[in-house]
Amino acid sequence: MKKLSINELKCFRGESLVLKGISAEINEGETYLIKGSNGSGKTTLLRVLSSLIKNYNGTILFDDKDIKDDLKFFQKFSFIGQKNALKENLSVSKNLKLWEILFGKKIDVNSLLQKYNLNTVIDKDISSLSDGQKKCLSLLKLKLCSVPIWYLDEPFVFLDSKNRSILVNEIESHNQSGGIAIITTNTELDYKSDGEIIL
Amino acid sequence: MKSLYDLINRDLKIAFFTSSNFLFTGSFYILVVVLIPFIFGSDSEQLRVIFKGIIWISISLSILLTLERIFYSDYEDGSLDLILQRYNSLEIIICAKFIAHWIINCLPLIVILPFLSLLFQLSFSDIFPILINLVIGSTGMVFVATFVSALTLGAKRTIFLKGIILIPLLVPFIIFGVDPHSWPILIALSMMSFVISIYASSYGLRLYGE
Amino acid sequence: MYLKLKKSYFDVLDRFTPFLVITTIISFIIGSYFALYGSPPDYIQGDSMRIMYVHVPSAWWALMSYSVLAVSCTIWFITRNPIFNLVAKSIAPIGAVFTLIALVTGSIWGKPTWGVWWVWDARLTSMLLLFFLYLAYIFLWQAISNKDLASKISAALAMIGFINVPIIKFSVDWWNTLHQPASISKFSSPSIDESMLVPLFIMAFASLCFLITMFSVRLRIEFIETRISRLRQKIYD
Amino acid sequence: MTDFFSMGGYGFYVWSSYIIFFSIISYVFIMNLMKLNEKKKKLINLEKQSDQSS
């Protein structure tokens, strides 16, 4: 039984306490929403959970192992942040080549881009794409490695209804295969989740 | 070892895809050197002396201009998150940055230097000590540039600030680099800056992560 | 993480400031009297030697301030007590001012001594580089909007700068002997007469008092700023 | 008296360096005191505000 359990998580940013003691139990195959207003620490929480921020109090256990001690934890999650990890002055296909190196595997470019109907922009520079297209490209990183946990930071921003339903389907099929998804949002989202963390 | 190779490969690919590839850094050096006779006249005896100095000025300028490419561009678009996640050994990331940055920025100068020296009627025996110093000194300068780049990740994008931080740290390399007999001191300096750079850069990257 | 600010810190600094200001002013007056009038002119350099009484103390305290800065940054690294960061932050501008004064007066002194405003003398050059080290430290604080991050990064930079100072000194000395005849430096072995030591030490003492006064004022400004930002958070939370 | 001001021919250098020294020092001194007073006022205002709110 793989579950992510968060215990009394506290985190300081500078002098102010951003995360004020958060606890949650997220079981296999569940989707959690993190809600809160701007600047309430949603992104901080995701960065803590993905152990990019190591300076916190409390414990985070995944699969009954503390993520601080688990050296392999880095291979168990995908983090889609608000920055999209795309080089603005390079074309889509060249960016995918860079990802190929980072993820250490061959990418079948055409079938990957098919996912969000991005085949037409393959030779365009990133800077000429719309915000929505950049977001879709960024979300394609989820398909590059199969990991049990997905952290999605504001994934629905900029997406049109069609792409949104594609993403929702993606998340559902991820859940069905036993994966955990944690999504931050600051808008009311008509998304059926298994639980909420409110900051 | 594979991850080191991968990261170097990635940086080289970025350099190759964008305008910052070897041809362009090489032409930068050639253009800086071409300016010398325009300023100092065509007296070849004087030019030879100035040429040896201009090499060091051009290499420190090129290191300053490309400082933000070491970590800042990756930080800005979020690739650094991905790199930190995929390769959780900071030392390997930093070493990869050293090597990639040195290949992109300093290797072109070292390759074209023998040809450039023909323009100033310098023989190979004249140029050989400079070449040795340049190889050692530029390595040290890249070490310094890397930790400056890692430490100033959170700063606003001001190249002048980074220049004020970087150039005093480069002064010892330039002083010993110009003297053809001081390569042992240069080696010592480079080794010291390697050690400092590993510590300081990983400190900077860790702070950025927090 | 937290800076424990006691009321007593403020009280001590508040009580000492007027005393320090008065000492500074009095010792500057006495020092200037001896420096300008009460001491004989140097038999080689004549009255231009009197510039030394402002130049040398400034150079001393400029170097000392950088050592204080770097040492307090090092202590901060070990203890992580933020007060050492505030110490470093408040001494940096004063050190920079002393470095600037040392540079300007050194250059003015150079004109009658060497006949030119500036020579690439080892000491002047390393002083100039020290000035840039100070500037880098001060600007870095301003360039990073997150104060917590700024303190950590500028501390690291100050320590690296401190390692760099002796290297710069050594390398500039080396470069100097390489490129210039050693006779140019008239500073190197000044046979200081006893009559010159008195004004020199009084002026040095006065400058030190000034440094301490400014330091305590700036430290208090830093304390107050910390309190202000904390109160803001309390009010608007 | 003129002897004192001419400083054996070095008057310009000696006096200018002393003037520079003291003017920089007093500028720094006054600026910092002004800043301190300003901050003190700000702190007192904020303390009043926080007393009212609590």
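The values are calculated or read from the model by the stated rules, or taken from the named source; none is laboratory data. In this text the structure is predicted, and so the values were computed from the model without any measurement. Note that each Cβ is placed from the backbone with ideal geometry, even for glycine, and that neighbours are counted across all protein chains shown. For the accessible areas, the whole protein counts, side chains as well, though only heavy atoms, and no ligand, DNA or RNA atoms are used. Shrake-Rupley method; radii C 1.70, N 1.55, O 1.52, S 1.80 Å.
Annotation: amide H-H contacts under 5 Å for residue A:26 (H modelled 1.01 Å from N, sequence separation of 5 or more, or interchain): A:4, A:5, A:6. For the chain pair D and C, buried accessible area totals roughly 3400 Å², probe 1.4 Å, rounded to the nearest 100. Of the solvent-accessible surface of the range C:58-169, computed with a 1.4 Å probe over protein heavy atoms with every protein chain present, carbon and sulfur atoms account for 76 percent.
Residues A:184, B:139, C:177, ordered by accessible area of protein heavy atoms at a 1.4 angstrom probe radius and largest first, appear as C:177, B:139, A:184. Packing around the peptides C:90-96, A:85-91, taken as the average count of other Cβ atoms within 10 Å per residue, puts them in this order, highest first: C:90-96, A:85-91. Inter-chain Cβ neighbour count for C:204-217, averaged per residue, equals 2 (cutoff 10 Å, partner chain atoms only). Where both bridge residues fall in chain A, DSSP classifies roughly 45% of the beta bridges as antiparallel.
Taking the Cβ-Cβ separation of residue C:163 and residue B:206 as r and a Förster radius of 25 Å, what is the calculated FRET efficiency to the nearest 0.05? It comes to 0.80. P(r) for the range A:63-181, from all Cα pairs and a bin width of 5 Å, is 2, 10, 20, 23, 21, 12, 6, 3, 1, 0 %, short bins first.
Shape of the protein assembly as shown from its Cα gyration tensor (a ≥ b ≥ c, root eigenvalues): rounded if a/c is under 1.5, otherwise prolate when a/b > b/c, or oblate? Oblate is the answer for the protein assembly as shown, as a/c is 1.5 or above yet b/c matches or exceeds a/b.
Cβ neighbours within 10 Å, averaged per peptide: list B:172-185, D:13-26 in order, most packed at the top.
Ranking the peptides B:172-185, D:13-26 by packing returns B:172-185, D:13-26.
Estimated purely from DSSP H runs of n ≥ 4, each contributing -39500 (n - 2.57), the mean residue ellipticity at 222 nm for the protein assembly as shown is -23000 deg cm²/dmol once divided by its residues.
From the cross-link list A:20/C:234; A:2/A:105; C:152/D:35; A:3/A:72; A:115/A:162, which pairs have alpha carbons spaced over 19 Å apart? In this structure, A:2/A:105; C:152/D:35 lie more than 19 Å apart at Cα. Between residue C:225 and residue B:5, the distance separating the two model label sites (each 7 Å from Cα on the Cα→Cβ line) works out to 5.1 nm. For the range B:1-66, the solvent-accessible area works out to 53 Å² per residue, with a probe of 1.4 Å and every protein chain left in place. Around the amide H of residue A:13, modelled in the peptide plane, lie the amide H atoms of A:18, all under 5 Å away and 5 or more residues distant in sequence or on another chain. Counting, for every residue in A:50-62, the Cβ atoms of other protein chains within 10 Å of its Cβ and taking the mean gives 2. Between the Cα long axis of helix B:44-65 and the first principal axis of chain B there is an angle of about 10°, rounded to the nearest 10. Springs join every pair of Cα atoms under 10 Å in this Gaussian network model of chain C, and among C:48, C:126, C:216 the largest mean-square fluctuation is at C:48. Taking the square roots of 5 times each eigenvalue of the Cα gyration tensor of the range B:11-62, largest first, gives ellipsoid semi-axes of 28, 10, 7 Å. Under 5 Å between amide hydrogens, built in the peptide plane, is the criterion, and for residue A:86 it picks out nothing among residues at least 5 positions away or on other chains. Classified by the C-alpha gyration tensor, chain A has a prolate form. Its axis ratio a/c, with a ≥ b ≥ c, is 1.5 or above, and a/b is larger than b/c. Compute the Cα gyration tensor for chain D, then decide on rounded, prolate or oblate, letting a ≥ b ≥ c be the square roots of its eigenvalues: rounded whenever a/c is under 1.5, prolate when a/b is larger than b/c in the other cases, and oblate in all that remain. Here chain D falls in the prolate category.
Atom-type composition of the exposed protein surface of the range A:86-146 places 45 percent of the accessible area on carbon and sulfur (1.4 angstrom probe). Chains A and B together bury some 2400 Å² of accessible area, summed over both sides, with a 1.4 Å probe.
Counting only other chain Cβ atoms within 10 Å of each residue's Cβ, the peptide C:129-140 averages 4. Phi angles across the range D:6-21 convert, under the Karplus curve 6.51 cos²θ - 1.76 cosθ + 1.60 with θ = phi - 60°, into 3J(HN,Hα) values of 7, 6, x, x, 9, x, 4, 5, 5, 5, 5, 5, 5, 4, 4, 4 Hz, Gly and Pro given as x. May I ask for the angle, rounded to the nearest 10°, between helix A:92-103 and the longest principal axis of chain A, with both axes built from Cα atoms and the value confined to 0 to 90°? Around 40 degrees separate the two axes. Taking Cα atoms only, the orientation of helix A:161-176 departs from the longest principal axis of chain A by about 50 degrees. Taking the Kirkwood radius as Rh and the Cα radius of gyration as Rg, chain C has a ratio of Rg/Rh equal to 1.03.
The share of accessible area on the range B:2-209 that comes from carbon and sulfur is 74 percent, using a 1.4 angstrom probe. Using the 1.4 Å probe convention, the accessible area of chain A works out to 45 Å² per residue with neighbouring protein chains retained.
Annotation: extensible slack from residue C:145 through residue C:64 equals 26.3 nm (criterion: 0.36 nm per residue apart, minus Cα-Cα distance).
Directionally averaged projected area (the range B:41-166, Cα convex hull): 8.9 nm². Would you mind telling me the antiparallel percentage of the DSSP bridges in the protein assembly as shown, rounded to 5? Close to 50 percent.
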